[in-house]
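Asker: For reference, the structure I am asking about is given below.
The values are calculated or read from the model by the stated rules, or taken from the named source; none is laboratory data. All figures in this text were calculated on a predicted structure; none of them were measured in a lab. A quick note on method: Cβ atoms are made from the backbone with ideal geometry, for glycine too, and the neighbour counts reach across all protein chains shown. SASA here: full protein model, heavy atoms, side chains in, ligands and nucleic acids out. Shrake-Rupley method; radii C 1.70, N 1.55, O 1.52, S 1.80 Å.
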Amino acid sequence: MRLKRWEVVLKYIVEDYIESAEPVGSKTLLKNHKLQYSSATIRNEMAYLEDLGYIEKTHTSSGRVPSTEGYRYYVTKLRSEKIDKSIKYEIDRLVDSCTSIEDLLYSSCEMLSNMTRLACCYLGPNVFDERLAKVEIIKLASNKFTFLFITDRGYLENKTFVEKEDKIKRLIECVNKLDEEIASVRLVNIFEKLNEVKANYQDYISEFDYITKLFVSMLKDFLIKRNSQFYGKDYLLDQPEFKDNIVSTRSIVSLLSHPYRLNRMFTENEETVISIGNGELKDITIITKDIKVPSSNQNIGKIAVVGPTRMNYEKVLQYLEYVVKMVAFHLSDLERKEYGR
């Protein structure tokens with residue numbers, strides 16, 4: 001599709017500003033892109049873009065920078081969606097080397113962070129919507145056992161403990177009985193259910209309380225593992241617009257410290273969500289893309305990229321979309337291998 005003249009000017013202003021972090025003027029556009037327009041024509045188009053609200057003046061330069069609306073227009077109308085073949089090869093190679101679902105998800109985030117020089121994380125689905133599929137104690141030695149639970153989405157959490165042999169035997173008996181009573185209970189309701197059935201365990205009251213404490217500890221670990229794997233924090237904090245901006249830096253540090261906030265921010269039923277400079281995060285862009293298992297169309301979470309509004313949207317979206325595509329492609333096979341589905 002042929003771009004209008006003002007769209008060409010906007011496209012290059014966005015891309016030059018992304019590259020340099022410096023306001024862009026008409027002379028810079030002529031020099032960098034050899035445009036077939038006069039300097040006066042470019043200035044007229046820039047004045048038109050300013051009237052549209054797509055670019056804005058800065059206090060320190062005669063050049064212009066993209067506004068939040070300008071970035072949004074660029075993302076939806078002007079960016080290229082092609083991806084370099086060499087990058088495809090690197091992504092394919094990494095995805096093929098992963099041997100578990102968690103390895104695949106977290107390695108993909110780390111790779112995306114390194115490629116984009118931005119922060120990236122995996123956000124699991126709302127874990128409290130998941131249900132218990134299995135809870136079990138496995139004796140490993142005379143004084144050692146593993147306590148584990150599996151959710152209906154196939155996620156497993158386990159931890160090894162040391163106890164007396166007689167105690168382990170009674171814990172196994174208690175858990176075997178408990179497994180039938182709490183199967184299919186949503187994680188959000190697990191402690192309510194445990195309180196409800198506690199009266200049925202008078203013969204195992206100390207073991208029942210012990211198991212309840214294990215659940216508390218392990219659900220906490222489960223939440224941390226599923227929702228706070230941020231990579232590239234330093235990349236984000238090193239961005240030039242944040243170095244002297246205490247307010248923005250504080251917002252970023254808070255977001256990186258509490259990544260579960262992202263799940264609350266993005267409840268739209270869209271596969272790709274782009275939030276540019278919204279609310280208190282006015283200098284920040286967050287892009288998320290859902291990951292779905294092709295065989296079942298099950299949503300297993302999303303990958304999020306966090307950066308300044310001055311990010312390379314073309315590259316970030318190309319990389320993110322291709323990574324998620326390849327991750328989804330390999331998920332079904334990994335699930336069969338890991339969980340015997």
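Asker: At 7 Å along the Cα-to-beta-carbon direction for both Glu163 and Thr99, put a label point, then send me their distance in nm to one decimal.
Answerer: So the two model labels end up 3.1 nm from each other.
Asker: Using the C-alpha gyration tensor of the range 144-259, what are the square roots of 5 times its eigenvalues, in whole angstrom, with the largest one first?
Answerer: Its equivalent ellipsoid spans semi-axes of 41, 15, 12 Å.
Asker: Taking only protein heavy atoms and a 1.4 Å probe, what accessible area per residue, in Å², does the chain have with all protein chains in place?
Answerer: Normalised by residue count, the accessible surface of the chain is 52 Å².
Asker: Hey, another quick one. Quick one: give the max-minus-min coordinate of the C-alpha atoms of the chain along each principal axis, largest first, in Å.
Answerer: Its Cα atoms span 89, 40, 31 Å along the three principal axes.
Asker: Another question, if that's okay. Longer than 25 Å from Cα to Cα, which of Lys11/Lys82; Lys4/Lys27; Lys77/Lys325; Lys34/Lys315; Lys193/Lys289; Lys85/Lys289 are they? Say none if no pair is.
Answerer: Among Lys11/Lys82; Lys4/Lys27; Lys77/Lys325; Lys34/Lys315; Lys193/Lys289; Lys85/Lys289, the Cα-Cα distance tops 25 Å for Lys193/Lys289.
Asker: Quantify, in whole percent, the carbon and sulfur part of the accessible surface of the chain (1.4 Å probe; protein heavy atoms only).
Answerer: Within the chain, the accessible surface is 47 percent carbon and sulfur.
Asker: When ranked by the protection proxy of mean other Cβ atoms within 10 Å per residue, highest first, what sequence do the peptides 230-239, 211-220 form?
Answerer: 230-239, 211-220
Asker: I would also like to ask the following. Between Asp221 and Glu19, what FRET efficiency comes out of the Förster formula 1/(1 + (r/R0)^6) with R0 = 35 Å and r the beta carbon distance, rounded to 0.05?
Answerer: Calculated value: 0.25.
Asker: Which of the peptides 31-38, 74-81 is most tightly packed, and how do the rest follow, going by the mean number of other Cβ atoms within 10 Å of each residue?
Answerer: 74-81, 31-38
Asker: Excluding Leu178 itself, calculate the net charge of residues whose Cβ lies under 14 Å from the Cβ of Leu178, where each Lys or Arg counts +1 and each Asp or Glu counts -1.
Answerer: For residues surrounding Leu178, the net value is -3.
Asker: Next question. What does the helix-only formula give at 222 nm for the chain: each DSSP H stretch with n ≥ 4 adding -39500 (n - 2.57), the total divided by the residues, and the result rounded to the nearest 500 deg cm²/dmol?
Answerer: Counting only the DSSP helices, I get -16000 deg cm²/dmol.
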